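Engineer: Quick one: structure below, then a few questions.
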Amino acid sequence: MISVTNLVKEYRTASRDVRALDGVTLTVPAGEIHGIIGHSGAGKSTLVRCLAGLDRPTSGDITINDANLTTATAKDLRSARRRIGLVFQHANLFDARTVLDNVAYPQEIAGVKKSERRARAAELLELVGLGDATQVYPSQLSGGMRQRVGIARALAVNPDVLLFDEPTSALDPRTTDEILDLITHLRRPDLAMIVITHEMHVIKRICDSVSLLERGQIVESGSLTDVVSTLSGKLSQQLLGISAHESVPGTLVDVLSRGSDAARPVIAHTSAAVGAELAIIAGSVEHLAGTTFSHLRLAVPEGTDAAEVIRILKSQGADACLTSELQGADAQEAAA
Ligand SMILES: Nc1ncnc2c1ncn2[C@@H]1O[C@H](COP(=O)(O)OP(=O)(O)OP(=O)(O)O)[C@@H](O)[C@H]1O
């Protein structure tokens with residue numbers, strides 16, 4: 001498990017002071033894959049550097065299981081760092097070393113015997129699907145294969161936490177999905193995984209839980225199913241959003257159903273109850289974290305009470321609200 005409590009990081013420059021992290025609090029239990037998503041400048045890289053022990057936070061605590069990284073001495077920090085495996089956007093491999101020796105490198109630094117570290121490296125390469133490539137040099141590998149080597153290397157020290165910093169940003173869509181499948185395959189009950197990304201696809205495909213980072217603060221956080229279920233939430237709109245452009249004049253209502261409710265004729269029932277036909281003008285159906293979510297936009301005919309439509313939709317277990325309440329700056333941002 002990794003816990004971050006009230007983490008603050010300030011940079012002082014000649015021209016201005018920047019609070020890159022402004023009180024970040026977060027817990028990721030072992031066995032879970034947690035995504036942290038944010039736009040450029042939100043503080044993602046700063047968070048990675050602090051979590052990885054590459055940068056000291058201004059204040060706050062980072063604890064991995066029982067070890068506090070923030071109060072550790074320089075010597076203890078070196079061993080504490082080994083509790084976190086880091087996977088970067090580019091694998092940064094040693095070109096003069098074979099794949100096997102790249103993966104064995106962290107254990108070489110840690111003073112592990114040659115035969116032992118090589119056996120462990122071979123085992124990890126098998127795990128990431130490169131069991132046949134141990135003696136190959138990095139220049140002979142594709143981007144996706146290099147990333148697999150980077151993941152095997154990060155696992156070499158048997159970390160408690162695996163931290164992925166934009167692991168698929170440099171890959172094509174097919175290779176991205178292969179690497180995301182591999183990350184899911186690495187799931188273990190004693191390993192917490194954090195994936196920092198700006199790609200919603202990554203969150204949708206592999207994360208159990210997610211946090212939204214904005215201007216150095218976590219503004220929304222929770223299990224994927226919980227955040228998506230909150231129709232007015234920023235993450236729900238970004239994960240399951242309907243474009244603001246998909247609207248027509250008149251009164252519109254957005255409705256979100258989940259699980260078995262998504263398959264029930266909620267709209268037909270509501271239409272019958274209010275005695276008016278509700279047209280579906282846009283929709284998005286997604287299967288996320290094992291649950292089906294349906295987000296639909298309905299046109300309410302003139303003379304029909306939209307508040308009554310919303311009440312009846314909610315009485316059937318759906319979340320509903322006027323579309324105009326969603327189309328603030330955040331929805332525009334999600335639609336962009
Ligand atoms: N070394 C530094 N000195 C001064 N300001 C910095 C430093 N590093 C980051 N910042 C500032 O802190 C804020 C957060 O930056 P950070 O790089 O962590 O964001 P990010 O979400 O990773 O963005 P990107 O996706 O563009 O890399 C920004 O305003 C940035 O200008």
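Engineer: In deg cm²/dmol, rounded to 500, what helix-only [θ] at 222 nm does the chain give when every DSSP H run of at least 4 residues adds -39500 (n - 2.57) and the total is split over its residues?
Structural biologist: Details: 13 runs with 117 residues, N = 336.
Result for the chain, helices only: -10000 deg cm²/dmol.
Engineer: Also, quick follow-up: With 10 angstrom as the radius, rank I36, I194, I267 by how many other C-beta atoms surround their C-beta, starting from the fewest. List each step's numbers first, then the result.
Structural biologist: Numbers: I36 30, I194 24, I267 21.
In increasing order of surrounding Cβ atoms, one gets I267, I194, I36.
Engineer: For the residues S236, S15, S284, S229, what sequence is obtained by ranking on other C-beta atoms within 10 Å, fewest first? Numbers along the way, then the final one.
Structural biologist: On the way: S236 22, S15 6, S284 16, S229 19.
In order of increasing Cβ crowding within 10 Å: S15, S284, S229, S236.
Engineer: Dividing the alpha-carbon radius of gyration of the stretch 11-107 by 2.2 N^0.38 Å (N being the number of residues), what value is obtained?
Structural biologist: Values: Rg = 15.8 Å, N = 97, 2.2 N^0.38 = 12.5 Å.
So the Cα radius of gyration is 1.26 times the expected 2.2 N^0.38 Å.
Engineer: Sticking with this one: Using 0.36 nm times the number of residues separating V8 and R188, minus their current alpha carbon distance, what extension gain do you get? Walk me through the numbers on the way to the answer.
Structural biologist: Working: separation 180, 0.36 × 180 = 64.80 nm, distance 3.01 nm.
Full extension of this stretch gives 61.8 nm more.
Engineer: Let me ask something else. Farthest toward the dipole's positive end in the chain, which of N92, V309, T27, given Cβ charges of +1 (Lys, Arg) and -1 (Asp, Glu) about the Cα centre?
Structural biologist: Value: N92.
Engineer: Taking 41 Å as R0, compute the FRET efficiency from the Cβ-Cβ separation of L127 and S260 and round it to 0.05.
Structural biologist: Working: r = 37 Å, r/R0 = 0.90.
After rounding to 0.05, the efficiency reads 0.65.
Engineer: Counting Lys and Arg as +1 and Asp and Glu as -1, what is the net charge of the other residues whose Cβ lies under 13 Å from the Cβ of R81? It would help to have the intermediate numbers written out before the result.
Structural biologist: Numbers: positive: R49, R56, K75, R78, R82, R83; negative: D55, D76, D160.
In short, +3.
Engineer: Using only the alpha-carbon atoms of the chain, report the extent along each of the three principal axes, biggest first, to the nearest angstrom.
Structural biologist: Principal-axis extents of the chain (Cα, largest first): 79, 49, 35 Å.
Engineer: Would you please report the Å³ per residue occupied by the convex hull of the alpha carbon atoms in the stretch 251-290?
Structural biologist: 72
Engineer: List the pair-distance distribution P(r) of the stretch 98-141, using every Cα-Cα distance, as the percent of pairs falling in each 10 Å bin from 0 up to the bin containing the longest distance, rounded to whole percents.
Structural biologist: 33, 54, 13
Engineer: Follow-up. For the stretch 2-223, what is the percent of antiparallel DSSP beta bridges, rounded to the nearest 5?
Structural biologist: Values: 22 of 40 bridges.
That works out to approximately 55 percent antiparallel.
Engineer: Within the chain, how many Lys pairs sit with Cα atoms under 25 Å apart, leaving out pairs fewer than 8 places apart on the same chain?
Structural biologist: 9
Engineer: Now a separate question. Rounded, prolate or oblate: which fits the stretch 230-335, taking a ≥ b ≥ c as square roots of the Cα gyration tensor eigenvalues, rounded meaning a/c under 1.5, else prolate when a/b beats b/c? Walk me through the numbers on the way to the answer.
Structural biologist: Working: a/c = 1.95, a/b = 1.17, b/c = 1.66.
Judged from the Cα gyration tensor, the stretch 230-335 comes out oblate (a/c at least 1.5, b/c at or above a/b).
Engineer: Starting from the 7 Å offset along Cα-to-Cβ, what nm value, one decimal, do you get for the label separation of D61 and D17?
Structural biologist: 2.5
Engineer: Express in nm, to one decimal, how much length is gained between E214 and Q140 on full extension, taking 0.36 nm for each residue of separation and deducting their alpha carbon distance. Don't skip to the answer; put the middle values down first.
Structural biologist: Details: separation 74, 0.36 × 74 = 26.64 nm, distance 3.93 nm.
Between E214 and Q140, full extension yields 22.7 nm more.
Engineer: Beyond 13 Å, what share of the Cα-Cα pairs of the stretch 140-190 remains, rounded to the nearest whole percent? All intermediate terms of the calculation are to be shown ahead of the outcome.
Structural biologist: On the way: 746 of 1275 pairs.
Above the 13 Å cut-off, the stretch 140-190 has 59 percent of its Cα pairs.
Any read-out appearing in this document is the output of simple, stated calculations on the displayed coordinates, not a laboratory observation. This one's a predicted model, so the numbers in the text were calculated from it and none came from an experiment. Backbone-built Cβ (ideal geometry, glycine too); neighbour counts: all protein chains shown.
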